[in-house]
Amino acid sequence: MLGTESQPLKVAIIGAGPSGMYAADALFKSKKPVEIHAFDRLPTPYGLLRGGVAPDHQRMKSVSKYYDRVASNPLFSFFGNVTIGKDVTIEQLKDHYDAIVVTCGAESDRALNIPGETLAGSYAATEFVGWYNGHPDYQSRDFNLGAKSVAIIGQGNVAIDVTRILAKSQEELGTSDITAAAMAALKDSTIETIHLIGRRGPVQAAFTQLEIKELGELAECSVSVESRYLDLSPADQSELEGNNKAKKNVEILSGFPSDESNRKAKHIVVHFLKSPVEILGSDKVEGIVLEHNQLQGEPGAQKARSTGKTETLDVELVFRSVGYRGVALPGVPFDEKRCVVPNDKGRVLDGNSPVAGMYVGGWIKRGPSGVLGTNKPDSTESIACLLEDLDALQPAPKRDTCLITELKTNGSRVITFDDWEKINAEEIRRGESAGKPREKFTSLEAVIDFLDA
Ligand code: NAP
C-alpha cells in the first residue's frame with residue numbers, strides 16, 4: 001500500500017511557492033512515509049515570497065525560514081528550471097509519481113479591456129512588481145519613469161506596493177532588496193504625482209490598514225484624499241459595522257489631508273468612485289478618462305454604477321492593478337471563466353469527476369486572494385483530501401525510475417536545493433556591501449554562470 005515504509009508515497013508538487021511549501025509541510029506532518037519532489041520553472045524557490053512580496057517589506061520575507069525548515073527534510077527535493085508542460089509533461093509526472101499537487105499560482109494579470117490599454121506606457125502592475133523584484137521574466141521591461149504623472153488603477157495591496165515603490169526616496173529604498181537596476185531607474189524617475197484610483201468607496205477598498213497607513217509616512221511624498229469621499233452613506237455606515245478592516249481603513253484615510261496644500265516633492269492623490277473607460281494617446285499614454293460612479297446595492301454587496309459624468313487626468317504612465325489571473329497548465333483541467341483549476345476542496349475535477357491522484361492548492365485553486373499565510377489552511381485542506389484518498393491511489397507505473405535522471409540525461413540544467421543555498425548565500429554576500437539584505441540574480445544565465453564558475 002502507498003504511504004507505508006515498504007512503499008513511500010511519491011508526490012510531485014508543481015510550483016515551489018508558498019502553497020507548494022505548505023503542501024509539502026502538510027504531507028510531512030501527516031507522518032506518512034512520503035518522498036516529495038517540488039518542481040519550479042524558475043531557478044529559485046518560494047514563488048511570490050521572492051517575486052511578489054514588496055522588497056521593502058522584509059519582515060514578511062522572514063517566513064522563508066519556515067519554508068527552509070520544510071525544505072531541509074531529507075525527503076524533500078527542489079528541482080528548479082523545470083517547466084511542466086515544456087521540459088516535462090503531466091503524463092510523465094503521472095507515470096513517475098503516485099500523486100500530483102498543482103500549486104503553480106496565478107501567473108498572469110487581469111486586463112481592463114478598455115481602449116488604449118495596449119499603448120506604450122500602459123502596463124500591468126504585476127509586470128512592474130516582477131521587474132523591481134528581480135523576476136527573470138520582466139528584466140527587459142522599460143517603464144516610462146520619465147513621466148510626471150501616473151495613474152494606478154485598483155486599490156488592492158499590489159496597487160499600494162507599486163504606489164509606495166514609486167513614492168519612496170532612494171534612502172528609504174536603500175535597505176530593501178529591490179534590484180540595483182530598479183534602484184537606478186527609480187533614481188532618475190521624474191514622477192511627481194501618483195493617482196491611486198478605486199472604482200468603489202473607502203469602505204470597500206481592498207487594501208489593508210498597515211499598507212494604507214504607510215502612504216502617510218513617506219519621507220518625500222505626501223498624500224491627500226478629498227474629504228467628501230469620507231462622508232459615508234447609510235449603506236456604507238451599515239457596511240462598516242463589524243468590519244474591522246474597513247473601519248481602520250476609513251479611520252486612517254480620515255487622517256489624511258483633503259488637499260495638496262502641503263505637498264512634498266511627490267504627491268499621492270487617492271481617488272474613489274472612479275472607473276477608467278479609456279486610455280488616451282496616439283502612440284503612447286497621454287491621459288486617462290475616468291467615469292464617476294455611485295454605489296448601488298445592499299450593504300456588503302454594493303456595486304459601482306456610472307453617474308454618466310467623466311473627467312480626464314493628464315498622465316503619461318498607467319499601471320492596472322486589478323488582480324492576478326491563473327493560466328492553464330497543459331494536461332490539467334482549467335476553468336477558463338474563473339481562471340482556476342476546478343476542484344472540490346483541492347481534489348482536481350474533470351467535469352464532475354475527480355482526476356485520480358491530482359490535487360490543487362493556492363491561487364490556482366481558489367483565485368488570487370489572501371496573504372501568504374492564507375495558503376497554509378488552503379494547502380492543508382488539499383493534502384487532507386490526498387491522505388483520505390490514499391487507499392484508493394494507484395502506484396505510478398514508473399515510480400521506481402527517476403525522472404530527474406532522465407531529464408539530466410536529456411541535457412536539462414536542473415537547479416537543486418543545494419544550488420539554491422549557494423545562490424542564496426551569494427545574493428546575501430553581494431547585498432552586504434550595499435547595506436541591502438541581498439542583491440538578487442535576475443536571470444537564469446547569471447545563476448548558471450555563478451554555479452558553474
Ligand atoms: P485585490 O486585493 O483583489 O484588489 C484588486 C483591486 O482591483 C480592487 O480594488 C478591485 O476593486 C479593483 N478592480 C478589479 N477589477 C477592476 C476594474 N475592472 N476596474 C477598476 N478596478 C477594478 O488584488 P491585488 O492587489 O492584486 O492583491 C492580490 C492579493 O495579494 C490580495 O489578497 C492582497 O491582499 C494580497 N497582497 C498582499 C500584500 C500584503 O500583505 N502587503 C501585498 C500584495 C498583495 P473592487 O473591490 O471594486 O473589485
Check which residues have an amide H placed less than 5 Å from Ala38's amide H, if you skip close sequence neighbours. Ile13, Ser77, Phe78, Phe79
Would you please put 302-310, 63-71 in order of how densely packed they are, using the mean number of other Cβ atoms within 10 angstrom per residue and starting with the highest? 63-71, 302-310
Would you work out the charge dipole size for the chain about its Cα centre, treating the Cβ of every Lys and Arg as +1 and the Cβ of every Asp and Glu as -1, and quote it to the nearest 20 debye? 600
HN-Hα J in Hz across the stretch 278-290 - Karplus 6.51, -1.76, 1.60, θ = phi - 60°, x for Gly and Pro: 7, 9, 9, x, 8, 10, 8, 5, 10, x, 9, 9, 10
Output ³J(HN,Hα) for the stretch 444-453: one whole-Hz value per residue in order, computed from phi by the Karplus curve 6.51 cos²θ - 1.76 cosθ + 1.60 with θ = phi - 60°, and x for Gly and Pro. 4, 4, 5, 5, 5, 4, 5, 5, 8, 5
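Would you mind putting 190-200, 136-146 in packing order, based on average other-beta-carbon counts within 10 Å, highest first? Spell out each step's value before the answer.
Numbers: 190-200: 20.8, 136-146: 15.2.
The most tightly packed comes first, giving 190-200, 136-146.
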Between the DSSP loop rule and a limit of at most 12 other Cβ atoms within 10 Å, which GluC sites (Glu not before Pro) in the stretch 293-378 are left? Glu336
Taking R0 as 51 Å, what FRET efficiency do you get between Ala446 and Ser233 from their Cβ-Cβ distance, rounded to the nearest 0.05? 0.40
Here the gain from full extension of Ser258 to Glu171, 0.36 nm per residue of separation minus their alpha-carbon distance, amounts to 28.6 nm
Please work out the Cα center distance from the stretch 184-225 to the stretch 333-390, rounded to the nearest Å. 34
Determine the relative contact order of the chain: mean sequence separation of Cα pairs under 8 Å and six or more apart, normalised by residue count, in whole percent. 22
Here D for the stretch 236-370, in µm²/s, from Stokes-Einstein with a Kirkwood Rh over Cα pairs at 4 °C and 1.567 mPa s, works out to 67
Once you keep just the Cα pairs under 8 angstrom separated by 6 or more residues, what percentage relative contact order results for the stretch 98-202? 32
The farthest towards the positive end of the charge dipole of the stretch 27-82, of the residues His37, Met60, Leu49, given +1 on Cβ of Lys and Arg and -1 on Cβ of Asp and Glu, is Met60
Which ³J(HN,Hα) values in Hz, rounded to whole numbers, follow from the phi angles of the stretch 188-195 under the Karplus curve 6.51 cos²θ - 1.76 cosθ + 1.60, where θ = phi - 60° and Gly and Pro get x? 8, 4, 10, 5, 10, 10, 10, 9
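Over the stretch 142-200, average the accessible area per residue using a 1.4 Å probe and give it in Å², no decimals.
About 33 Å² of surface per residue is accessible.
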Ala301-Ala180 pseudo-label distance in nm [points 7 Å out on the Cα-to-Cβ vector]: 5.6
Gyration tensor on Cα atoms of the stretch 9-126, a ≥ b ≥ c root eigenvalues, a/c under 1.5 rounded, else prolate if a/b beats b/c, else oblate, says oblate
Taking only protein heavy atoms into account and a 1.4 Å probe, give the accessible area per residue of the stretch 23-91 in Å². 41
Stokes-Einstein diffusion coefficient for the stretch 152-245 at 10 °C in a medium of 1.306 mPa s, Rh from the Kirkwood formula over Cα pairs: what value in µm²/s? 106
Kirkwood hydrodynamic radius, the chain, all distinct C-alpha pairs: what's the number in Å? 23.5
For the pair Lys422 and Thr409, the simple spin-label estimate (label points 7 Å beyond Cα toward Cβ) gives in nm 2.4
Any idea what the relative contact order of the stretch 278-381 is, in percent, if you count C-alpha pairs under 8 Å spaced at least 6 apart? 17
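Under unit Cβ charges (Lys, Arg +1; Asp, Glu -1), what dipole magnitude, rounded to 20 debye, does the stretch 94-235 have relative to its Cα centre?
The dipole of the stretch 94-235 has a size of about 420 debye.
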Report for the chain the percent antiparallel among DSSP-assigned beta bridges with both residues inside it, nearest 5. 35
Heavy atoms only, probe 1.4 Å: what % of the accessible area of the chain goes to carbon and sulfur, would you let me know? 49
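Which peptide among 370-381, 10-21 comes first, and what is the full order, when sorted by highest mean count of other Cβ atoms within 10 Å?
10-21, 370-381
The values are calculated or read from the model by the stated rules, or taken from the named source; none is laboratory data. The structure presented is a predicted model; accordingly, all values stated were derived computationally and were not measured. Positions of Cβ are backbone-derived with ideal geometry, glycine not excepted, and every protein chain shown enters the neighbour counts. Note: accessible area is taken over every heavy atom of the protein model, side chains too, but ligands, DNA and RNA are not part of it. Shrake-Rupley method; radii C 1.70, N 1.55, O 1.52, S 1.80 Å.
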